[in-house]
Structure formats: structure tokens, C-alpha cells
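What follows is a short report on a single structure.
The values are calculated or read from the model by the stated rules, or taken from the named source; none is laboratory data. These numbers come from a predicted model, not from an experiment. Note that we place each Cβ from the backbone using ideal geometry, even for glycine, and neighbour counts take in every protein chain shown.
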Amino acid sequence: MGALRGITELTASFRGADVLVLCYHQIRSRERFVDQMAALSERGYSVLSLPQFTEWLNGASLPSRPAALLTFDHCYDEQLETALPVLDSLKFPATFFPASSDLACELPDVAAHWRKTLLELTKAGHAIGCHTHSHPDLTRLPTEEVRLEVLGSKLALEDALGQRVSTFCPRSRVRRGVHRGSRRGEVWG
Ligand SMILES: [Zn+2]
């Protein structure tokens, strides 16, 4: 499926949805990503910032319709090198979900690099959310370790950013039971 056809079918399928949430992992083709973002723009989507999205979840009206939220798991290099300039050129805010372990890397240069990268993202109007500390399969961990992975990630990110971090995106294929178990952690509002 071509990128443009893909996004056309996606927007058509979810025409009734209040907010189209697109969750990106690796960006393998800059061209495809550019086409997808251009399609959103041409179709009149307003891309929500994370605060706008959470305000809407809490009952506020959407700034305009149709609306979309863009999220990126991991802060992969190609997301930063390929997707970020496209987002910034269109003034599309995004939410990045990095695992926080790199902030605690024993190599100070690596830790400093990640701290700087995340701070620059927030300064550019993007948001940062938790994606656990070391990206384990939460379904295989005892409850206390799940708690450490989730809250440890929140605290590490808040320390690096100097601001509150209130969203959590678990690694994929998380079972419903773990979702329920960490629900208190998800609702940090
Ligand atoms: Zn992940």
C-alpha cells in the first residue's frame, strides 16, 4: 500500500473518530513520511499537542476537526534526523516516548547527549512521555519491578526535563492485566 493511499484509507476508515492517533516506530522512508504528513495537512487535520489531547480527554472541546495526535516510540535516531525536520517545517507537535535508561548511562557523554536531546525537543514544542526505564516485557515482571520501571522512568525524565511528565506508553503487546495493574501510574494527572 502506498503511503498516500495508506493515509487516505486510514483517514476514511476513521472519519468518525474524534482524534486520529498515529503511533510511529522506525521511520524507514523519509519520502513516505513526508507524504503522510502532507496528506494530514491537505485534509485539514489539526495536529494536537499532548496538552491539547489530554485536555480533550478531560472534557475540553477540540480546537478544530478533524484532529490527529502523532506519537513516536523510542526517539530513534531516524525519527530525530528524518521525521523531526518534517514535523517542525509543518509546525506539527509530536510526543516522543523514549526509554529513560540512556539518561542514566554510565558514559556521561551519552547521558548528557540524551538529556540535551530531550530538552531540545520540549523547547521546540514537542512532548516527552514515559516508555519504561529499560524497555522490558512488563508481562514477565513482578508487580514491584513493573512499578519501578514505570515510576523510575517518570522520575528520570522529570529530573532531566525539570518539568512534570504525565503520560505513559507501554511496550507493545502488553496484556490487559498489566494495563490494569499500572493504571494508577498511567493516570498521573
Ligand atoms: Zn518500545
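From the list Ala124, Ala94, Ala104, which residue is within 16 Å of the ligand (Cβ to nearest atom), among the hydrophobic types (A, V, I, L, M, F, W, C) and surrounded by 12 or more Cβ atoms within 10 Å (Cβ to Cβ)?
None of the others qualify; the one that does is Ala94.
Considering only the stretch 138-151, I want to know if a residue exists there that is surrounded by 13 or more Cβ atoms within 10 Å (Cβ to Cβ), assigned to a helix (DSSP H, G or I) and in contact with a strand residue (DSSP E or B) (Cβ under 8 Å, 6 or more places away or on another chain).
Taking every residue of the stretch 138-151 in turn, at least one turns out to be surrounded by 13 or more Cβ atoms within 10 Å (Cβ to Cβ), assigned to a helix (DSSP H, G or I) and in contact with a strand residue (DSSP E or B) (Cβ under 8 Å, 6 or more places away or on another chain).
Just the residues that are touching a Gly at 6+ places or on another chain (Cβ under 7 Å) and more than 11 Å from His126 (Cα to Cα), please, taken from the stretch 55-96.
Correct list: Pro66 only.
Answer yes if at least one residue in the stretch 129-146 is touching a Pro at 6+ places or on another chain (Cβ under 7 Å), on the phi < 0 side of the Ramachandran plot and within 16 Å of the ligand (Cβ to nearest atom), and no otherwise.
Checking the stretch 129-146: at least one residue is touching a Pro at 6+ places or on another chain (Cβ under 7 Å), on the phi < 0 side of the Ramachandran plot and within 16 Å of the ligand (Cβ to nearest atom).
Within the stretch 152-189, take every residue that is hydrophobic (A, V, I, L, M, F, W, C), in a helix (DSSP H, G or I) and modelled with pLDDT of 50 or more and give me the one that is surrounded by the fewest Cβ atoms within 10 Å (Cβ to Cβ).
Leu155
Which one of these is crowded, with 16+ Cβ neighbours inside 10 Å and in contact (Cβ under 8 Å) with a residue 24 or more places away in the chain: Leu80, Leu62?
Unique residue meeting the criteria: Leu80.
Could you say whether any residue in the stretch 76-85 is closer than 18 Å to Gln36 by Cβ, part of a loop (DSSP other than H, G, I, E, B) and within 16 Å of the ligand (Cβ to nearest atom)?
The answer is yes; a qualifying residue exists.
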